[in-house]
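Please read the structure below before turning to the comments.
Just so you know, all these numbers are worked out from the coordinates, no wet-lab data involved. A quick note: this is a predicted structure, and the numbers were derived from the prediction, not measured. Here the Cβ is made from the backbone with ideal geometry for all residues, glycine too, and neighbour counts use every protein chain on show.
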Amino acid sequence: MVFVSPDFSRAMKEEGSDLGYAFALPRLVARLAGRRVRRAEFSRWEAYGFGILVFGISCVFAARLILPFVRPGIWQALFLFFLPPAMWVAYLLLYFINARIVAVLRRLGFYSAPTNNPFQHFVIMSLTTMLALLFLQDASTWLKSLGALWLALLFCNLLAIVILKLRHEP
Amino acid sequence: MTEPRRWYHRFAVRGVLWREYLDFGLTNVPFYLRPVMIFFWTIFFFFLAAPARRAILSNLRVIMPGSDPVLNLGRAWLTLYNFAWTISDAADHKLAKTQFAYEVEGAEFLEALAASSGAILLTAHMGNYDLGAAVFAQRFQREIRMVRAPEADAETARHLDESLERAGAGAVKVAYNTDRMALPLELLNAIRAGEIVSIQGDRAIAHVSQRAARLFGEEVMLPDGPFMLAFVAQAPIYPLFIVRTQFHRYKIIAREPIHCRRDGRDRGSVIEDAMHAWSRTLESVIARHWSQWFSLVPIFPAR
C-alpha cells in the first residue's frame, strides 16, 4: 500500500512562521509594517497581556470599592492576597449566568454561534469599558490613566476594525 | 459484581466532572482570559491532586539529582500548569477547531512516518499527545490507532474516547491497553494493513508485558509490547513527541526510527537493544522538556 502525503513539515513551518492575532489593532499594525498576518489566536501578548489587563481592571475596581471598609494592616494585606482568587470565582459566576442567558437566546433563535465565546466577550468588554469610564471620574491619577489606557485601546481597535473592513482584509 | 457508582466519584481528580467543566470553560471563556482560568485551576489541582504532585516530585528528584526540594515544588506546579494547557488545547481543538501553530524538529523522520505502510508511533505522556494524534491524522489523512492506559473512571474514558475521535474527525481510534489477549493481534493486523499504531512507551501498567530498562541511571519497567510488535511485524518504530512552546504553539519532535530487525540474533537481544535506544531517546527529550513530562504516577523506585 502506498500513501501519498502532503508536505506536512513545510506546511507546518509555513503556519508556524505566520503571525496571527485575534484583535484587529495588532493585525493592522503588523500589516502596515509589511508583515504577513492572519486572524488567529497565536499571540501570547494578546492572551497574557490583554487577559491580565482585563482581569486586573476588575481586581483594581473591587479593591478600590472594598478596601476603604477593611481595617488597615494585616487585614488589608489578607484582603489583597485573596482578592484575585475571589475575583476569579466571581468571573466563574458571570460565565455561568451568561451561559444561561445564551441558552435562552438560542432557544428563541436569537443566537447561533457555535460557542458562547462571542457573547461572553461582548459582556466582558462592555463591563470592563464601564469600569474604565468609572475610573475616569476617580480622583486618583493612576486610576484615571488606567481608564484612559483602556478606552484608548478600545477606540484604536474599533478604528482598526473599520480600516481592515474598508481594505477588505480579514 | 461491580461496586455501584457513587455520586461523589464524579468529583474525584480523574472524574468526568472536570472534563465537562473544561468543555464548559472552553466554550464560554474568551481566549485572553484562559491564562487566568488555567493559572487558578492549576493552584486548585496542585493541592487537590496530591498523588500526582508527589509523582512529579519523585520524577524530578531523579531527572535533576540534587535539585532543591522547594524549587521542585515550583517545578511540579509548572508541570501541572503545562498539563492544564495541553488538555485545554486538545479540548479547544475538538470543540472550536481552534488552530495551532507548529514547528517541526526532525522533519525527514515525520515525512517517512507519514509515507510508511504500517508503522509504530512511539510516544510518551509528554506534551500534547492527544492533539498531536488528531492533527497528524487529519493532515496526513491517515488512520491512527491509539493505545492508551485505561482510565480509572469509566465516564472519563468514554468522554476521552469521544473527544479523540471527534478531534481526529474519526481518524483516531482508541484501544485500551488491558490484559485482554486480542489486542496484540488486532494491532499486528492493523500494522500489516498499513495503519499507524500509536503507543505510549514511558510507563508500564500492571498486567501488561514489560521489561527492565535504564532511565536517568535508574532501573524502570517499560512496556516491551511495542518492540515485540515491531519485531513480529518487521515495522519501524518512530519516536515522536509534541511539546508546547508558547501560547497555541507546539513543536513536533520526530526522532530517528528504531528497528527491530531479524538479523540472526535471538528476539530477546534485538528487543533489548531497541528498548535501550528508546530509553536514550526518551531520556534526552525528557531532560529538555521535563516540565512537560506528565507521568502522574511514580515510575522510579522510591527513595
Worksheet entry | Using a Förster distance of 60 Å, the FRET efficiency for B:Arg261-A:Tyr111 (Cβ separation, nearest 0.05) | 0.50
Worksheet entry | Cβ-derived FRET efficiency at R0 30 Å, A:Arg100 paired with B:Arg14, nearest 0.05 | 0.60
Worksheet item: From a point 7 Å beyond the Cα of B:Ala212 in the direction of its Cβ, which residues of segment B:276-301 have a backbone N at a distance under 15 Å?
Response: B:276, B:300-301
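Please give the FRET efficiency for B:Ser269 paired with A:Val162, using the beta carbon to beta carbon distance and R0 = 51 Å, rounded to the nearest 0.05.
Values: r = 71 Å, r/R0 = 1.38.
It comes to 0.10.
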Response to the item:
Computed ³J(HN,Hα) along segment A:49-64: with the Karplus parameters 6.51/-1.76/1.60, θ = phi - 60°, integer Hz and x for glycine or proline, the list is x, 5, x, 5, 5, 5, 5, x, 4, 5, 5, 4, 4, 5, 5, 4
Discussion item. For chain B, place one equal point scatterer on every Cα, skip the solvent, and apply the Debye formula. What is log10 of I(q)/I(0) at q = 0.15 Å⁻¹?
Written reply: -1.30
Practice prompt. Provide the per-residue ³J(HN,Hα) series for segment A:72-89, in order, calculated from phi with Karplus coefficients 6.51, -1.76, 1.60 and θ = phi - 60°, each as a whole number of Hz, with x at glycine and proline positions.
Written response: x, x, 4, 5, 5, 4, 5, 4, 5, 5, 8, 4, x, x, 5, 5, 4, 5
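Convert 37 °C to kelvin, take the viscosity as 0.692 mPa s, use the Kirkwood radius over C-alpha pairs of segment B:62-146 as Rh, and evaluate the Stokes-Einstein diffusion coefficient in µm²/s, rounded to a whole number.
Details: Rh = 15.3 Å.
In µm²/s, the coefficient is 214.
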Item to complete: List, largest first, the extents of the alpha carbons of segment B:193-241 along their principal axes, each in whole Å.
Response: 37, 25, 16
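To the nearest 20 Debye, how big is the dipole of the protein assembly as shown about its Cα centre, given +1 on the beta carbon of each Lys and Arg and -1 on that of each Asp and Glu? Display every interim value, and only then the final one.
On the way: 52 positive and 39 negative charges, 216 e Å.
Around 1040 debye, computed over the protein assembly as shown.
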Worksheet item: Lys/Arg Cβ at +1, Asp/Glu Cβ at -1, dipole of segment B:194-267 taken about the Cα centre: which of B:Ile199, B:Leu229, B:Ile252 is farthest positive-ward?
Response: B:Ile252
Fill in: segment A:78-150 - Rg (one decimal) and Dmax (whole number), Cα, Å
15.9, 46
Fill in: Amide H within-cut-off set for B:Ala149, under 5 Å, with H built and near neighbours excluded
B:Asn177
Worksheet item: Assigning unit charges at the beta carbon (Lys, Arg +1; Asp, Glu -1) and nothing else, what dipole magnitude in debye, to the nearest 20, does segment B:1-144 show about its Cα centre?
Response: 660
Response to the item:
Scoring chain A by relative contact order with C-alpha pairs under 8 Å, at least six apart, yields a percentage of 22
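Quick one: dipole size for chain A, taken about the Cα centre, charges +1 on Lys/Arg Cβ and -1 on Asp/Glu Cβ, in debye to the nearest 20. Present the calculation step by step, with values, prior to reporting the outcome.
Values: 17 positive and 8 negative charges, 47 e Å.
Charge dipole, chain A, about its Cα centre: 220 debye, nearest 20.
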Worksheet item: Once the Cα atoms of helix B:129-140 and of chain B are each reduced to a long axis, what angle between those two axes, in degrees from 0 to 90 to the nearest 10, is obtained?
Response: 60
Worksheet entry | Positive-pole candidate from A:Pro85, A:Thr129, B:Gln210, dipole of the protein assembly as shown, charges at beta carbon | A:Thr129
Response to the item:
Computed over the Cα atoms of segment B:11-85, the Rg and Dmax in Å are 13.9, 43
Discussion item. Taking amide H atoms as placed 1.01 Å from N in the peptide plane, list the residues 5 or more away in sequence, or in a different chain, whose amide H sits under 5 Å from that of A:Gly20.
Written reply: A:Arg38, A:Phe42
Discussion item. Compute the helix-to-body angle for A:8-17: its Cα long axis versus the longest principal axis of chain A, expressed 0 to 90° and rounded to tens.
Written reply: 40
Item to complete: Quote the convex hull volume per residue of the protein assembly as shown, based on C-alpha atoms, as a whole number of Å³.
Response: 199
Worksheet item: Of B:Ile242, B:Ile43, B:Ile120, which has the largest mean-square fluctuation in a 10 Å C-alpha GNM of chain B?
Response: B:Ile43
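Looking only at other chains, what is the average number of their beta-carbon atoms within 10 angstrom of each beta-carbon in B:135-143?
Numbers: counts 2, 1, 0, 0, 5, 5, 4, 2, 0.
That works out to 2 on average.
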Worksheet item: With each label point set 7 Å from Cα along the Cα-Cβ vector, what nm distance links B:Val297 and A:Thr129?
Response: 5.2
Worksheet entry | Positive-pole candidate from A:Leu164, A:Phe96, A:Phe119, dipole of chain A, charges at beta carbon | A:Leu164
Worksheet item: GNM, chain B, Cα, under 10 Å: largest mean-square fluctuation among B:Phe247, B:Phe83, B:Phe227?
Response: B:Phe247
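As a test of the formula, what do you get for chain B when each DSSP H run with n ≥ 4 contributes -39,500 (n - 2.57) and the sum is divided by the residue count, at 222 nm and rounded to the nearest 500 deg cm²/dmol?
Working: 10 runs with 147 residues, N = 303.
Helices in chain B give a 222 nm mean residue ellipticity of -16000 deg cm²/dmol.
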Worksheet item: In degrees, nearest 10, range 0 to 90: what is the angle between the Cα axis of helix B:16-28 and the longest Cα principal axis of chain B?
Response: 70
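For the pairs B:Lys173/B:Lys251; A:Lys144/B:Lys97; B:Lys94/B:Lys251, flag any whose C-alpha to C-alpha distance is greater than 31 Å.
Working: B:Lys173/B:Lys251 23 Å; A:Lys144/B:Lys97 40 Å; B:Lys94/B:Lys251 19 Å.
Flagged as over cut-off: A:Lys144/B:Lys97.
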Worksheet item: Mean shadow of chain A, computed from the convex hull of its alpha carbons, in nm²?
Response: 16.6
Fill in: Normalised contact order of chain B, rounded percent, pairs of Cα under 8 Å and 6 or more residues apart
24
Worksheet, complete the sentence: Which residues qualify? For B:Arg211, with a placed amide H closer than 5 Å and at least 5 residues away or on another chain, they are B:Leu222, B:Asp224
Item to complete: Using a 10 Å cut-off on Cβ to Cβ distances, tally the other chain neighbours for every residue of A:82-95 and report the average as a whole number.
Response: 3
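Could you work out [θ]222 nm for chain A from helices alone, using -39500 (n - 2.57) per DSSP H run of at least four and dividing by all its residues? Round to the nearest 500 deg cm²/dmol.
Counting only the DSSP helices, I get -23500 deg cm²/dmol.
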Response to the item:
Residue by residue through segment B:39-52, the couplings from Karplus 6.51 cos²θ - 1.76 cosθ + 1.60 with θ = phi - 60°, in Hz, x for Gly and Pro, are 4, 6, 5, 5, 4, 4, 6, 4, 8, 6, 8, 4, x, 5
